[in-house]
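Have a look at the structure below, then the notes.
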Amino acid sequence: MNAIAQRFALTLAAGGLIGSGFVVAKLLLDAGANPAAIALVQVGGAGLFLGIALKLGGGTLPFRRDTWRYLLISALIGIAAGPLLGQWVLARIPAGIFTVVVTLSPLFTTLVSATLDRRLPTATTTFGIGLGLAGVLLVLVPRAQAVGPEQGLALALALGVPVLLAVGNVYRSRRWPDRLPAPAAATGTLLVQGLLLLPLFLARPAAGSAELLPLWPLLAALVTIAIAGSLAASTLQRVAGAAAFSQIGYVIALTGVAASALVFGDALGTLFWPALALVFAGIAIGNRPAAAAPATAGHPVPARGSSPRGDRLGLHSPSWPQLRSSSTRQSAAFR
């Protein structure tokens, strides 16, 4: 599998798993489970499993100051986007609408990156993101019109979720510590999130435990999805730039809409399939390598996507010359 096909497959896998996780979380919330307890079991269970697997495999978490600072900030952004704001909104609006709102994260990621870099994104990136956005709007607009007035505030606040995801994408792209493997980064972020969520759970430990005990099959599914989604996302984050990685938001949206139709009986609508085609086209175009700039006399152009930081991370090789060196992380945004 070549580099572009691998990134395309990872985008579909990561987005599909995270979108499915939203639907399972919605089922737990509708059953009356404590949001803090759900989040703690999700990230804590996934973190412990990955930590044990990492230890048995001979791996370890680097105990360096820059690594733990990175993990802490990433975990804080993830908790703000997921267990705090995300689950509050998800309990008040349909899961299909919420997952579509998340698709604005690629747009916000591109805007934040362009602002920090003080330059416009490439035409390929802009076109790919535009196609994906057009696809999800085909699904979002009819569903947004069905939201009642009492849900308007929740829908407005839901826009904060893609903004936080965009900030997280850009931060992780620019601050990924050297020599930090993707599995170790996923494990560390999940474990730190669990520690940060523990005080929220302890505020209502008895109620949270009582509500969750009968729901253990859904919790087991949620933890399994979190483990697989974290591994897929962390692998993609290691090799994709912020804008390319953020396109998983489009897959999250369509997965949430399709899963909501299957689980909650929501109608897909005739526009779902054209939207799916536009999203797939946007992901494929957005992952195409950019054209190299012409070399000047005495100043050869480096390999596309290469940089000193990328070389330290070991991302560049003759078989992968086009990818950007920076790496991004989500997520565990909703872990």
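The values are calculated or read from the model by the stated rules, or taken from the named source; none is laboratory data. Predicted model, so just to flag it, every value in this text is computed and none were measured. Methodologically, a virtual Cβ is constructed for each residue, glycine included, from the backbone with ideal geometry; neighbour enumeration extends over all protein chains shown.
Here the condition is being more than 24 Å from residue 103 (Cβ to Cβ) and of a type in the set (Phe, Trp, Tyr); of 63, 8, 22, it holds for 63 alone. When the residues of segment 179-215 are narrowed to those that are small (Gly, Ala, Ser), modelled with pLDDT under 80 and not in a loop (DSSP other than H, G, I, E, B), which ends up farthest from residue 66 (Cα to Cα)? Result: 210. When 123, 75, 80, 114 are checked against the criterion of being out of contact with any Phe, Trp or Tyr (no Cβ under 6 Å at 6 or more places or on another chain), over 14 Å from residue 168 (Cβ atoms) and surrounded by 15 or more Cβ atoms within 10 Å (Cβ to Cβ), a single residue qualifies: 114. Going residue by residue through segment 125-135, is there one that turns out to be of a type outside the set (Asp, Glu), at pLDDT 80 or above and over 25 Å from residue 101 (Cβ atoms)? Looking through segment 125-135, none of the residues is of a type outside the set (Asp, Glu), at pLDDT 80 or above and over 25 Å from residue 101 (Cβ atoms). Which of the residues spanning segment 261-293 are modelled with pLDDT of 75 or more, in contact with a Gly (Cβ under 7 Å, 6 or more places away or on another chain) and of a type in the set (Gly, Ala, Ser)? Correct list: 275, 282.
Residue selection: residue 53 fails the criterion of being more than 22 Å from residue 212 (Cα to Cα), modelled with pLDDT of 80 or more, assigned to a helix (DSSP H, G or I) and under 15 Å from the mean Cα position of the chain (by Cα). Scanning segment 232-278 for residues that are without any contact (Cβ under 8 Å) to a residue 60 or more places away in the chain and in a helix (DSSP H, G or I), we see that the one that is nearest to residue 5 (Cα to Cα) is 273.
In a residue-by-residue description of segment 33-41, the property of being free of Cβ contacts under 8 Å to residues at least 60 places away in the same chain and under 21 Å from the mean Cα position of the chain (by Cα) applies to at least one position. Considering each residue of segment 62-70 in turn, at least one proves to be hydrophobic (A, V, I, L, M, F, W, C), modelled with pLDDT of 80 or more and over 23 Å from residue 255 (Cα atoms). If I ask for residues that are in a helix (DSSP H, G or I) and either without any contact (Cβ under 8 Å) to a residue 60 or more places away in the chain or in contact with a strand residue (DSSP E or B) (Cβ under 9 Å, 6 or more places away or on another chain) (or both), which ones from segment 56-66 would you list? Residues satisfying the conditions are 56, 65. Restricting 115, 126, 109, 99 to residues that are more than 20 Å from the chain's Cα centre (by Cα), among the β-branched types (Val, Ile, Thr) and not in a loop (DSSP other than H, G, I, E, B) narrows the list to 115.
Restricting 250, 171 to residues that are buried (at least 17 other Cβ atoms within 10 Å of the Cβ), in contact with a helix residue (DSSP H, G or I) (Cβ under 9 Å, 6 or more places away or on another chain), at pLDDT 85 or above and of a type in the set (Ser, Thr, Tyr) narrows the list to 171.
When each of 157, 165, 231 is tested for being within 25 Å of residue 115 (Cα to Cα) and under 13 Å from the mean Cα position of the chain (by Cα), the lone residue that passes is 165.
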